[in-house]
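No lab work stands behind these numbers, since they all come straight from the coordinates. The model shown is predicted, which means the values in this text are computed figures rather than measured ones. Cβ atoms come from the backbone with ideal geometry, glycine included; neighbour counts cover every protein chain shown.
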Amino acid sequence: MLITSPGLSFIAVNTRKTQKIHGNSRPGFSVFSHSSSFRRRSLHCFPKDLHLKSRNKNRKLSLCKATLITNADDYEVGRFVGSYGFMNITSYSTFQSGPDFEYSSEVMERLRVQDVGEGQVKIRLYEGRIARGPFKGTRVIFKVYPGQRAGGIEADMMAANELNSHAFLQSDPNDICQNIQILLGGFETKTGEQWLAFRNDGKYSAADYAKIKSEAMSKDRAGGEQKFWNPFEKEQTIKRRYFYVIKLFRGVMSGLAYMHDRNRLHQSLGPSSVILNTIVEKDAAYLVPQLRDLAFSVDVRFPFLEEGPGNLAEGLWRRASASGAFTPMEKRAFGIADDIYEAGLLFAYLAFVPFCEAGIMDSLSLQRLLESTFKLDIEAVKEYCLADDRMLEAVKFLNLGDGAGWELLQAMLNPDFRKRPIAAAVLSHRFMTGAVL
């Protein structure tokens, strides 16, 4: 089974039949069944002389003549990294670390608006590398979607949509975004599992970063004056965190702006959908955040909008109709604003969790505070936080530039979707340009 994307120049060999799957990218959103494993076919999706800053040095990536590697024998699979599931997106559990951790709470929080019901999709992650060919040794991360027997039709639809979305965004070799994870290929097993291989540019997520820094805040508080024997050390640590968090969020919004400029929505944006090449705040100059998890990405080009909703986007378009967006242009504007809202929740998460002690704030509690308790009245949220010394550092962060952080948060979480800024406007906001530092 080969999942392909419209407008790309690779075709499955030994193809026996084509089964149409109705999803976000309906035209061309198809599954090709064939008698052997994936073949190798050209996809010139990497720009010549692309540079990506790593932690220690600039790493030149000579992938200008790359192909989607679709033969399972070209890969080596390493250790199991973790898993996350969509079996019940209305339930939440705590983040657990360790070899068998699950990102369930963060992932299900990201999917709360997708309304996929009681599906059985459970995704596994593995480390690996390319075993042969011109890119032998390249580290990859495998995202494994279960076959239809285990995961139902949702699994194939999500895998197909994720592959289509990445292939579309990588289709121009002269216009690749460094803030979106790079797809290198994939294959299907005999049991029907879809293995998507992504370049492994980092093992940490924004959720991991926030959790680690929150725990560090707790240790620092427990250490008291003994922790910061130098009176300037704490101040420098906090300033580095300011710079790192703004750099992280700039990367997120740059990736989102790139997608929106190409008529693609993310629709699963959250702390676990952002991967980081470093979580060392002293190395923030080398930080390159990347968006991942495009399984629910939506194509909002007008011809596709006019054809009616796809299964993976039904929740989005129901909410659009409830908000008064009916025409294709209105629905597109709503979809973009919906991504901005999710980015606003992520901004709030990054503004609070790394600056508070462990257990003070998490994504679900923060969202309830914003949406349920204060009905998106950010000024009221500010007054509430000012009265709680445990949130002092988060308040100081958002107070930079005479309250520029609160101003940006209110704009992104505006209850009226028509009044939310586009991604490019967020990037040009004074809080994001570094003028507040």
Can you work out the Karplus-derived ³J(HN,Hα) for every residue in region 203-217? Use 6.51 cos²θ - 1.76 cosθ + 1.60 with θ = phi - 60°, whole Hz, and x for glycine or proline.
9, 9, 10, 4, 5, 4, 4, 4, 5, 5, 6, 5, 5, 5, 4
Which residues qualify? For Ile279, with a placed amide H closer than 5 Å and at least 5 residues away or on another chain, they are none
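What is the packing order of peptides 328-338, 286-296, taking the mean over residues of other C-beta atoms within 10 Å and listing the highest first? Kindly include the intermediate steps, with their values, before the conclusion.
Values: 328-338: 20.4, 286-296: 23.9.
The peptides rank, most packed first, as 286-296, 328-338.
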In terms of the charge dipole of region 308-437, which places +1 on Lys and Arg and -1 on Asp and Glu at the beta carbon, the residue among Met361, Gly401, Asn311 farthest towards the positive end is Asn311
Karplus 3J(HN,Hα) series, Hz, for region 311-320 with 6.51 cos²θ - 1.76 cosθ + 1.60 (x for Gly, Pro)
4, 6, 10, 4, x, 4, 6, 5, 5, 4
Placing each pseudo-label 7 Å from Cα in the direction of the beta carbon, Thr191 and Arg301 end up separated by a distance in nanometres of 3.7 nm
Where Lys and Arg each count +1 and Asp and Glu each count -1, what net charge lies around Asp338 among other residues with Cβ under 11 Å from its Cβ?
+2
DSSP loop trypsin sites (Lys or Arg not before Pro) in region 387-437 with at most 16 other Cβ atoms within 10 Å of their Cβ, which ones?
Arg430
Distance from region 372-437 to region 279-304 (C-alpha centre basis), Å
21 Å
How much net charge surrounds Trp195 when only other residues with a Cβ under 11 Å from its Cβ are counted (Lys, Arg +1; Asp, Glu -1)?
0
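Which of the peptides 244-250, 198-204, 367-373, 399-405 is most tightly packed, and how do the rest follow, judged by the mean count of other Cβ atoms within 10 Å per residue?
Top to bottom by mean Cβ count within 10 Å: 244-250, 198-204, 399-405, 367-373.
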Measuring from label point to label point, each 7 Å out along Cα→Cβ, what is the Ile238 to Ala424 span in nm?
3.7 nm
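Calculate how large, on average over all directions, the projected area of the Cα convex hull of region 204-427 is; give the answer in nm² to one decimal. Please report the intermediate quantities before stating the final value.
Numbers: hull surface 50.2 nm².
That works out to 12.6 nm², a quarter of the Cα hull's surface.
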What residues qualify as long-range amide H neighbours of Tyr75, i.e. H under 5 Å apart, gap of 5 or more or another chain, H built at 1.01 Å from N?
Ala131
Can you list the HN-Hα couplings for region 173-182, worked out from phi with the Karplus curve (6.51, -1.76, 1.60; θ = phi - 60°), rounded to whole Hz and with x for Gly and Pro?
x, 9, 8, 9, 8, 6, 9, 10, 4, 9
Starting from the Cα of Lys247, draw a straight line to each of the aspartates and glutamates and keep only those under 15 Å, dropping any in the same chain fewer than 8 residues away.
Glu281, Asp283
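Taking 0.36 nm per residue of separation and subtracting the Cα-Cα distance, what length does fully extending Ser321 through Phe374 add? List each step's numbers first, then the result.
Working: separation 53, 0.36 × 53 = 19.08 nm, distance 2.46 nm.
Stretched out fully, the Ser321 to Phe374 stretch lengthens by 16.6 nm.
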Summed residue charge, Cβ within 13 Å of Gln148's Cβ, Lys/Arg positive, Asp/Glu negative:
-3
